[in-house]
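**Student:** Here it is, the structure, as structure tokens.
The values are calculated or read from the model by the stated rules, or taken from the named source; none is laboratory data. Since the model is a prediction, treat every value here as computed from it, not as a measurement. Note that each Cβ is placed from the backbone with ideal geometry, even for glycine, and that neighbours are counted across all protein chains shown. Heads up: the accessible areas ignore ligands, DNA and RNA and are worked out on the full protein's heavy atoms, side chains in. Shrake-Rupley method; radii C 1.70, N 1.55, O 1.52, S 1.80 Å.
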Amino acid sequence: MQLLTTRHSRAATVRTPGAGARQRPPAPFAAVLSLALVLAPALAGCSSAGSSSSDAKHPGGTVVRVPQDFPTIQQAVDVAHEGDTVLVDAGTYRESVRMTKPDIVLRGTDRNTVVLDGGLRLVNGIAASGPGSAVENLTVHGYLANGVLFTGVTDEKLQQHGAGGSAYNPLDTTRFPALQGFRASGVTAYNNGLYGIYAFDAQAGVIEDSYASGGADSGIYVGQCKPCDTLVRNNTVERNAVGIEITNASDGLTVVGNRVTGNRVGVTVNSNDLEALAPQHGAVIVGNVVTDNNATDTPQQADGGYGIGIGIGGGTGNQVRRNLVQGNHAAGIVITDPPGHPASGNRVEGNRTTGNGTDLVLASADPANCFTGNQPAVQSPDDLENLASCAVQGRAAPPFGRATPVQSPPGIPFSKVPAPPAQPSTLDLNAPGRPATGLPGPVDAGAYPLPESADALPKH
């Protein structure tokens, strides 16, 4: 399973809108914002002159309007103070936005008509390194790296590479301590060259009620955090190379109630040495719909993975429970050992795995991985749920299983993935902005039952 043994080329370069090749960004990220940074101090002194909207107070802070108060989002963010909300009216904003101050809420007035457009030339849509940053109710597309990036990496040169460092050097977590507090709510991120919504070196966050498609690496990514204390809930990810990706992300990470369908690969949980904090440990993946991840109108991932529902590559101590996993041509749920990181102690229990090429696959030498009550029709090795039952302790490891062989078809450039339809918004625009503090709060994975069908979850 090459997908789970070789990390894709994420950090060193970014994809172009061509045939999937990568190159460095065309211009420094700092240069994109230089004019806004120069203008911000001068504009700050007159931000409320003649504008009632700047003086309107929510309990959480001042509301700064775009374009009523400032013509660009970056200018408004630059003058906002801790606890303020930057409220953006309908329009297309061809800019990259950096959120470096604490507790700023960036909110669109309409999820579908407030659009940040990278034009296939800008690097990141929104790069948030300020603790407590929240982004909600808007669309981000056409960026060469990420739609929305939450990260403790404050070096702009590293942010140009998607925040993951150069040539896969694991980042120094002492130099760049994790971002504390982040939230993406009701965000639409599509046709971006690396990730749609990307939390890297970030803790205590929520990614919720969002939609991601056309991600050349993955729609939603959570990486290099320990403890993560992060909740990924009620999102829809489709037509990405990978739907949801978890790499070296450990402890307090819960992935619940998501619709992961029509990607090349649904969900991956990985350990590797290309980032810090390996091995990955302790994610809870519950109550998700993970179906038909064999789409051809998707970007082709560098690793070539295709037709997999949920794959654990070197992850440890994860719980995969009560998910509907069906229609994935290679494997429904598979556990493998990448070089140097044996998968261990993963519990796969109570899922409905039907109609996959092979419903359950164990290709790991560690006997502590277990499978129980997943309703498989085809499992590899044969009789896997008896050989690796969660009810039996101290057993020998079963022989290695294999997924159903499938040919990975050619992909398409991320920029050519069809744009999604309009997405619903449940945001109350009259409610005050809520910075991303005190997250994720109590998480009850037990409240998410096994979905009865692929349509059991609400669509976003």
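**Student:** Report, by residue number, each residue of the stretch 119-129 that is crowded, with 24+ Cβ neighbours inside 10 Å and either part of a loop (DSSP other than H, G, I, E, B) or modelled with pLDDT under 95 (or both).
**Tutor:** Across the stretch 119-129, the qualifying residues are V123, N124, G125, S129.
**Student:** Identify, from the list H161, H141, the residue that is modelled with pLDDT of 80 or more, within 18 Å of the chain's Cα centre (by Cα) and open to solvent by 20 Å² or more (accessible area, probe 1.4 Å). Steps first, please.
**Tutor:** Values: H161 fails: modelled with pLDDT of 80 or more.
Result: H141 is the single residue among H161, H141 that is modelled with pLDDT of 80 or more, within 18 Å of the chain's Cα centre (by Cα) and open to solvent by 20 Å² or more (accessible area, probe 1.4 Å).
**Student:** Separate question: Going by the conditions given, is G223 in contact with a strand residue (DSSP E or B) (Cβ under 7 Å, 6 or more places away or on another chain), at pLDDT below 95, open to solvent by less than 10 Å² (accessible area, probe 1.4 Å) and not in a loop (DSSP other than H, G, I, E, B)?
**Tutor:** Spelling it out, G223 is indeed in contact with a strand residue (DSSP E or B) (Cβ under 7 Å, 6 or more places away or on another chain), at pLDDT below 95, open to solvent by less than 10 Å² (accessible area, probe 1.4 Å) and not in a loop (DSSP other than H, G, I, E, B).
**Student:** Restricting to the stretch 199-223, count the residues that are within 8 Å of the chain's Cα centre (by Cα), under 17 Å from P299 (Cα atoms) and not β-branched (V, I, T).
**Tutor:** Going through the stretch 199-223 one residue at a time, the tally reaches 3.
**Student:** A further question follows. So, in the stretch 283-321, how many residues would count as being under 17 Å from the mean Cα position of the chain (by Cα) and closer than 17 Å to N258 by Cβ?
**Tutor:** 12
**Student:** Something else: From the list V320, V267, V284, exactly one residue is closer than 16 Å to I244 by Cβ, in a strand (DSSP E or B) and open to solvent by 20 Å² or more (accessible area, probe 1.4 Å). Which is it?
**Tutor:** Only one candidate passes the filter, namely V284.
**Student:** Would you check which residues across the stretch 188-207 are among the hydrophobic types (A, V, I, L, M, F, W, C), closer than 21 Å to N234 by Cβ and touching a residue at least 60 places away in the same chain (Cβ under 8 Å) and list them?
**Tutor:** Correct list: A189, A204, V206.
**Student:** Would you say L194 is more than 13 Å from the chain's Cα centre (by Cα), modelled with pLDDT under 95 and not polar (S, T, N, Q)?
**Tutor:** no
**Student:** Check whether at least one residue in the stretch 251-259 is open to solvent by 10 Å² or more (accessible area, probe 1.4 Å), in contact with a helix residue (DSSP H, G or I) (Cβ under 9 Å, 6 or more places away or on another chain) and either of a type in the set (K, R) or in a loop (DSSP other than H, G, I, E, B) (or both), and report yes or no.
**Tutor:** As a first pass, look at the stretch 251-259 and keep what is open to solvent by 10 Å² or more (accessible area, probe 1.4 Å): 251-252, 254, 259.
In the following step, the residues that additionally are in contact with a helix residue (DSSP H, G or I) (Cβ under 9 Å, 6 or more places away or on another chain) were identified as 254.
Remaining after also requiring either of a type in the set (K, R) or in a loop (DSSP other than H, G, I, E, B) (or both): none.
No, the conditions are met nowhere in the stretch 251-259.
**Student:** Any idea which of T109, T85 is β-branched (V, I, T), at pLDDT 95 or above and either open to solvent by 20 Å² or more (accessible area, probe 1.4 Å) or out of contact with any Pro (no Cβ under 8 Å at 6 or more places or on another chain) (or both)?
**Tutor:** Numbers: T85 fails: either open to solvent by 20 Å² or more (accessible area, probe 1.4 Å) or out of contact with any Pro (no Cβ under 8 Å at 6 or more places or on another chain) (or both).
Selected residue: T109, the only one of T109, T85 that is β-branched (V, I, T), at pLDDT 95 or above and either open to solvent by 20 Å² or more (accessible area, probe 1.4 Å) or out of contact with any Pro (no Cβ under 8 Å at 6 or more places or on another chain) (or both).
This table checks each residue for (1) at pLDDT below 95; (2) part of a loop (DSSP other than H, G, I, E, B); (3) in contact with a strand residue (DSSP E or B) (Cβ under 7 Å, 6 or more places away or on another chain); (4) of a type in the set (S, T, Y).
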| residue | (1), (2), (3), (4) |
| --- | --- |
| V237 | no, no, yes, no |
| N240 | no, yes, yes, no |
| I246 | no, no, yes, no |
| D273 | yes, yes, no, no |
| A278 | yes, yes, yes, no |
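**Student:** Further question: Among V32, V79, which is the only one that is at pLDDT 95 or above, open to solvent by less than 70 Å² (accessible area, probe 1.4 Å) and aliphatic (A, V, I, L, M)?
**Tutor:** On the way: V32 fails: at pLDDT 95 or above.
Criteria check complete, one pass: V79.
**Student:** So, in the stretch 398-418, how many residues would count as being open to solvent by 50 Å² or more (accessible area, probe 1.4 Å), of a type outside the set (F, W, Y) and under 30 Å from P376 (Cα atoms)?
**Tutor:** Here the count works out to 6.
**Student:** Could you list, in sequence order, the residues of the stretch 226-235 that are open to solvent by 10 Å² or more (accessible area, probe 1.4 Å) and not in a strand (DSSP E or B)?
**Tutor:** K226, P227, D229, N234
**Student:** Just checking, does the stretch 382-397 include any residue being among the polar types (S, T, N, Q), in contact with an Asp or Glu (Cβ under 6 Å, 6 or more places away or on another chain) and surrounded by 14 or more Cβ atoms within 10 Å (Cβ to Cβ)?
**Tutor:** The answer is no; no qualifying residue exists.
For (1) over 20 Å from the mean Cα position of the chain (by Cα); (2) of a type in the set (G, A, S); (3) part of a loop (DSSP other than H, G, I, E, B); (4) loosely packed, with under 11 Cβ neighbours inside 10 Å, each residue gets a yes or a no:
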{"residue": "P420", "(1), (2), (3), (4)": "no, no, yes, no"}
{"residue": "P424", "(1), (2), (3), (4)": "no, no, yes, no"}
{"residue": "L427", "(1), (2), (3), (4)": "yes, no, yes, no"}
{"residue": "G433", "(1), (2), (3), (4)": "yes, yes, yes, no"}
{"residue": "T437", "(1), (2), (3), (4)": "no, no, yes, no"}
{"residue": "G441", "(1), (2), (3), (4)": "no, yes, yes, yes"}
{"residue": "P451", "(1), (2), (3), (4)": "yes, no, yes, no"}
{"residue": "A456", "(1), (2), (3), (4)": "yes, yes, yes, no"}
